[in-house]
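Right, one structure below, let's go through it.
The values are calculated or read from the model by the stated rules, or taken from the named source; none is laboratory data. The structure displayed is predicted, hence computed values, not measured ones. All Cβ positions, glycine included, derive from the backbone under ideal geometry; neighbour counts span all protein chains shown.
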Amino acid sequence: MSHRGGNSNAPAAKSELIGNGTVSTLANSRQRLRLNPNKEHKPEAYADLELDFSPSIFSSLERHLPPNMLVISRDDKAKFMTEILLKYLPTGERNRTQKHKEYRQKIKSYYQPLHPELYTMNPIIFFVPTFLKAISDNTEQSFRSIISEPSPDILVFQMFQPDFCELLLSEIENFEKWVTEANFRIMRPNRMNKFGAVLDDFGLEPMLDKLMDDFVRPLSRVFFPEVGGSTLDSHHGFVVEYGKDKDVDLGFHVDDSEVTLNVCLGKEFSGGELFFRGSRCEKHVNTGSQPDEVFDYNHVPGRAVLHRGRHRHGARATTSGHRINFLMWCRSSVFREMKLYQKDFSSWCGECNRMKQERQHSTCAATRLELITREGESAA
Ligand SMILES: [Fe+2]
Ligand SMILES: [Zn+2]
């Protein structure tokens, strides 16, 4: 993150930032971030704090703190960094962040979790042994040993224990019951799903942070480095529900993520296949697909699919029963920042690749033609 904060306009920005007339002593102390991160410094963990941004953002920003701030308390560091991060959000978004925080606080004070053990990461209980072993070995070979790739860049593997799926389903059911009974106005996961819930909103965010940091990022680093797989630093975790009286299907779309983890939790259902049609950059999102990009996937409870957010997909109708899927949209702020400066083809976009090849072919053809012409001329 670049630091643009000149001191001349700092007081105005700060009072606007805090908004209640009190200017924090930290923000007032004219501290500036270092341009180059201190690579030797080991940042604190922020996962257990209630913060407005992802804990990993704080950990990476901490390396940019001025040296004298590295020794202050973790709370003070977090406060200082929050002020900086908020400063770069547009006003509309800042208000939304504040509203969302209040929304989560309301849930926290009224909703009583049914299975508290779900709220802390417990790998032995959550994951199947094969998955755990592959992650702890942490090599491409160990990952490949549990992963199948039925179509390019669509990774499939067993992930959650059946008991964990059941526990999570029952927690979600309990949450939905509370929403109905309390007549609580719930925010749904996205514009496409009218049913389902955001897990981050009712206390599961710290656990999902761990899930991304320790389990999804190691995989994405190996399989999706070209879309920021190794720098995933925030997520949106939610469940979607399909079936009678729920959402039926889901139109063709791309996710607001660099990498998406999609795990079927159950229950009994038929239909609901995912259909994939190749990865596309923003410019090419509506182009046709090549035959080798067409792939349909059948959900199995406990089994995970990992794919690029830009891998276009949709879900067919769930024709009977009830299907609930857990989704985690993982994002990389570094990748999003870098993308702003990118002018060339995207290595991961099927259409960009097709165009690049076409261009190479025509260059080759032109060169060949030129050579033949020259040969003809010299022969004559
Ligand atoms: Fe999606
Ligand atoms: Zn493209």
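Okay, here's what the table says:
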item: The one condition in (1) within 16 Å of ligand 1 (Cβ to nearest atom); (2) modelled with pLDDT of 95 or more; (3) out of contact with any helix residue (DSSP H, G or I) (no Cβ under 6 Å at 6 or more places or on another chain) that residue 294 fails to fulfil; result: (1)
item: Test result for residue 284, within 16 Å of ligand 2 (Cβ to nearest atom), touching a residue at least 60 places away in the same chain (Cβ under 8 Å) and not small (Gly, Ala, Ser); result: yes
item: Restricting the stretch 171-215 to residues that are part of a loop (DSSP other than H, G, I, E, B) and without any contact (Cβ under 8 Å) to a residue 24 or more places away in the chain, the residue that is farthest from ligand 2 (Cβ to nearest atom); result: 183
item: Subset of the stretch 345-372 (residues that are under 16 Å from residue 308 (Cβ atoms) and either small (Gly, Ala, Ser) or touching a Phe, Trp or Tyr at 6+ places or on another chain (Cβ under 6 Å) (or both)); result: 346, 347, 350, 352
item: Test: residue in the stretch 331-345 that is under 19 Å from the mean Cα position of the chain (by Cα), within 16 Å of ligand 1 (Cβ to nearest atom) and assigned by TED's automatic domain parsing to the domain that holds residue 164; result: yes
item: Index of the failed condition, residue 279 passing every other in (1) surrounded by fewer than 21 Cβ atoms within 10 Å (Cβ to Cβ); (2) within 16 Å of ligand 1 (Cβ to nearest atom); (3) small (Gly, Ala, Ser); result: (1)
item: Verdict on residue 267 being more than 26 Å from residue 212 (Cβ to Cβ), touching a residue at least 24 places away in the same chain (Cβ under 8 Å) and of a type in the set (D, E, K, R); result: no
item: Top-ranked residue in the stretch 260-276 [being buried (at least 19 other Cβ atoms within 10 Å of the Cβ) and under 16 Å from residue 289 (Cβ atoms); ranked as nearest to ligand 2 (Cβ to nearest atom)]; result: 276
item: Residue 332 vs. criteria under 22 Å from residue 352 (Cα atoms) and either away from ligand 2 (no atom under 16 Å from the Cβ) or in contact with a His (Cβ under 6 Å, 6 or more places away or on another chain) (or both); result: yes
item: Residues satisfying the stated conditions in the stretch 256-284, i.e. outside any strand (DSSP E or B) and either touching a Leu at 6+ places or on another chain (Cβ under 8 Å) or under 25 Å from residue 127 (Cα atoms) (or both); result: 257, 258, 267, 268, 272, 273
item: Residue tally, condition touching a helix residue (DSSP H, G or I) at 6+ places or on another chain (Cβ under 6 Å) and surrounded by 17 or more Cβ atoms within 10 Å (Cβ to Cβ), over the stretch 120-130; result: 2
item: The stretch 335-363, residues that are assigned to a helix (DSSP H, G or I), in contact with an Asp or Glu (Cβ under 7 Å, 6 or more places away or on another chain) and within 12 Å of ligand 2 (Cβ to nearest atom); result: 350
item: Count of residues meeting criterion [more than 14 Å from ligand 1 (Cβ to nearest atom), surrounded by fewer than 20 Cβ atoms within 10 Å (Cβ to Cβ) and touching a residue at least 24 places away in the same chain (Cβ under 8 Å)] in the stretch 235-254; result: 3
item: Yes/no for residue 257 being away from ligand 2 (no atom under 16 Å from the Cβ), at pLDDT 95 or above and crowded, with 18+ Cβ neighbours inside 10 Å; result: yes
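Listed here are the residues, each with its yes/no results for (1) surrounded by 10 or more Cβ atoms within 10 Å (Cβ to Cβ); (2) closer than 20 Å to residue 212 by Cβ; (3) modelled with pLDDT of 80 or more.
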residue	(1), (2), (3)
5	yes, no, no
9	no, no, no
20	no, no, no
36	no, no, yes
45	yes, yes, yes
58	yes, yes, yes
68	no, no, yes
